[in-house]
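Undergrad: Pasting in a structure now, in structure tokens, and then I'll have a few things to ask.
What follows draws every value from the coordinates through simple rules; no lab data is involved. On a predicted model such as this, the values are computed, not experimentally measured, just so you know. In this analysis, Cβ positions are derived from the backbone assuming ideal geometry, glycine residues included, and neighbour counts consider all displayed protein chains.
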Amino acid sequence: MTNDIQKPASLTRHDSDDASDRSVDVNRREFMARSAMLGVAAAAGLAVAPQGAAARSGPVRTGASGFAPLEVNSPMARWKLPQSAEWVNGAHSRFSFPNWQSGNDDSVYYNLNIPEFFNTRVVRPDEEFSVLERAIQGDLMNLTFTDHEGNTTQTLAEYLVGPKQVQAMLMAHQGKVVFEVYPGMNPLDMHVWMSASKTTAGLLVAMLADAGTVDLDQPLSSYVEELKGSAWDDITVKNTMNMATALNNEETFANLTNPESWIANWFSAVFGVGDVTPTQWREMMKTVEKLDSEKPGELFRYSTSNTQALVMLTEAVTGMNWQDYWHQQVWSKIGARSPLIVGLTPDGMPVGGGLINTTPEDMIRYAMLYTPSWNVVSSENVVPQRLLDMIFNMGNPDAYTASTERTYGTQWFGEVPLKNTAQWDHAFADGAMFKHGNMGQGIYVDPGRDFCGMYFGLASNDTSLTGIDHSPGYLRAAAKALAGK
């Protein structure tokens, strides 16, 4: 007996900028025997939760989904419960940047409770939240894919209880949540996005470019007065968006562990670690040096300082605090159920490249803006097709090919992405895009398959200890399986 996944014959997306509707016909296939799924689920400690009455999808309606998530028997489940006051106080006393990044129990607590360790600002939701209909496909627990060495991965059910310590994973297809599991957190707990946050900074700058307020081909310093007279005079906004600045600010392992490197000291300043002044990170932005070996645009070199330059640009151009502009343009329009909390630099600017915190469900609402089912969460098309095209087409495959990130993407997905683009680490020829976050966070959008997914996790970046982060590959495999292509 197979699980017949039903799908409408066609799906129409209403874009505010299109002269006519675009219809996308997607055929689905029957896949994965129910008996096989149950066998794998039992082996992994999975129990498929009963589903309640159906809830309608649509923009900004208050109500409960009526659906329970899937369950897995994960060691991470202990983080759904309060920790003792003695242990929490000890974690606070042990807080340091290296300990935060270690992937140990302390860092699990830090990532679930960022506001306890950083100054933050709250971005309120709208008065009503959008209701996401559930159509849970438990068969997705049986997913596997072929890894970069040609081997078949373990099933998703087995992976979720493994050393990558996945804390939440949601997937949505055609505007419905089809997969929802919380191995290591509660559904309404907040969790840090880490570098998946960078997509938000990129989106706001893309919006400014789409409106004609920012010219992507102009130097970034032409918009940010305090960076004039520095290396940023020769770096265009586009090259900053694509992280191809040819500056000595790359986040390699060697640089991050070298206390003399510019980027290691910049992170200390931006997070307020050690003996730093509130504006030290800003002053350092003006001191970063050019690389003699290349020109801007030639190579994708990953750096959060590039993203922070985009936050500076957004505030300079709009005359608004970044979080207020984000609320105006995006957060107030998706029917978020909970606030968004963003961590701040010592002088009070949002760290848009890493310290955004939300619930998992609100992150999937944001991801849905990039799909044809945007109208499930918003009455306004926040990312119309022309803007989506701009974001996808901004990247340069040549600059991506020789990058360190290309190797990571190949390992995560088991296939080689085409390029990076506009603060997204990896983009595929079929239009899908993915952004990774430190210690195991991610957001995946696949407009062509009307699919999106997210996950939170907490594991050391040392793959010799925890293995490769295959969560991105499972999201892409699910998108292909659900769309039948």
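Undergrad: Can you list the residues of the range 433-470 with backbone N under 20 Å from a point 7 Å past the Cα of Asn151, pointing along Cα to Cβ?
TA: In the range 433-470, the label zone of Asn151 (backbone N under 20 Å from the point 7 Å along Cα→Cβ) covers 460-470.
Undergrad: Moving to a separate point now. Among the aspartates and glutamates, which fall within straight-line cross-link reach of Lys290, defined as a Cα-Cα distance under 16 Å, with same-chain neighbours fewer than 8 residues apart omitted?
TA: By straight Cα distance, Lys290 reaches Asp233, Asp234, Glu250, Glu251, Glu298.
Undergrad: Now for a different question. Which shape class, rounded, prolate or oblate, goes with the range 233-283 when its Cα gyration tensor gives a ≥ b ≥ c as root eigenvalues, a/c under 1.5 marks rounded, and past that a/b bigger than b/c marks prolate?
TA: Oblate is the answer for the range 233-283, as a/c is 1.5 or above yet b/c matches or exceeds a/b.
Undergrad: When a footprinting reagent is the concern and you count Cβ atoms within 10 Å, what order do Ile364, Ile341 take, fewest first?
TA: Lowest to highest Cβ neighbour count: Ile341, Ile364.
Undergrad: Around Trp87, under 13 Å between beta carbons, what's the net of Lys plus Arg minus Asp minus Glu among the other residues?
TA: Result for the local shell: -1.
Undergrad: Ok, one more. Place a +1 charge on the Cβ of each Lys and Arg in the range 257-365 and a -1 charge on the Cβ of each Asp and Glu, then give the dipole magnitude about the Cα centre in debye, rounded to the nearest 20.
TA: In debye, rounded to 20, the range 257-365 gives about 340.
Undergrad: For Val214, Val161, what ranking results if the residue with the fewest other Cβ atoms within 10 Å of its Cβ goes first?
TA: Ranked by crowding around the Cβ, least crowded first: Val161, Val214.
Undergrad: Counting other beta carbons within 10 Å of each Cβ, put His191, His173, His92 in order, fewest first.
TA: Least to most surrounded, the residues fall as His92, His191, His173.
Undergrad: With +1 on each Lys and Arg Cβ and -1 on each Asp and Glu Cβ, how big is the dipole of the range 98-197 about its Cα centre, in debye rounded to the nearest 20?
TA: 120
Undergrad: Have a look at Val330, Leu160, Gln423 and report the one farthest towards the positive end of the charge dipole of the chain, computed about the Cα centre with Cβ charges (Lys/Arg +1, Asp/Glu -1).
TA: Leu160
Undergrad: Measuring from centroid to centroid over Cα atoms, what is the spacing of the range 253-271 and the range 213-236 in Å?
TA: 24
Undergrad: Run the numbers on the chain and let me know its relative contact order in percent, using alpha-carbon pairs under 8 Å that are six or more apart.
TA: After rounding, I find 22 percent.
Undergrad: Please name which of Pro350, Leu203, Met243 has its Cα lying farthest along the dipole of the chain towards the positive end, using unit charges on Cβ (Lys, Arg +1; Asp, Glu -1) and the Cα centre as origin.
TA: Leu203
Undergrad: Checking the table Lys198/Lys295; Lys164/Lys435; Lys333/Lys480; Lys198/Lys238; Lys198/Lys480 against a 19 Å threshold on Cα-Cα, which pairs fail?
TA: Lys198/Lys295; Lys333/Lys480; Lys198/Lys480
Undergrad: OK, next. Ignoring everything except DSSP H segments at least 4 long, calculate the 222 nm mean residue ellipticity for the chain; use -39,500 (n - 2.57) per segment, divide by total residues, nearest 500.
TA: -8000 deg cm²/dmol
Undergrad: Which one, (1) 22, 52, 23, 3, 0; (2) 24, 60, 16, 0; (3) 22, 47, 25, 6, 0, gives P(r) over Cα pairs in 20 Å bins from 0, in percent as derived from the coordinates shown?
TA: Of the listed options (1) 22, 52, 23, 3, 0; (2) 24, 60, 16, 0; (3) 22, 47, 25, 6, 0, (2) comes from this structure.
Undergrad: If you average the C-alpha positions of the range 72-135 and of the range 190-206 separately, how far apart do those two centres end up, in angstrom?
TA: Answer, in whole Å: 18.
Undergrad: Can I ask one more? About its Cα centre, how strong a charge dipole does the chain have in debye, to the nearest 20, once Lys and Arg get +1 and Asp and Glu get -1 at the Cβ?
TA: 1160
Undergrad: Put +1 on the Cβ of each Lys and Arg and -1 on the Cβ of each Asp and Glu in the range 258-307; which of Val273, Gly297, Ile263 then has its Cα farthest toward the positive end of the dipole?
TA: Farthest along the dipole direction, towards plus: Gly297.
Undergrad: Follow-up. Taking amide H positions as placed 1.01 Å from N in the peptide plane, with prolines and chain starts having none, which residues 5 or more places from Gly442, or on another chain, fall under 5 Å of its amide H?
TA: Those qualifying (amide H under 5 Å, at least 5 residues apart or on another chain) are Gly437, Tyr455.
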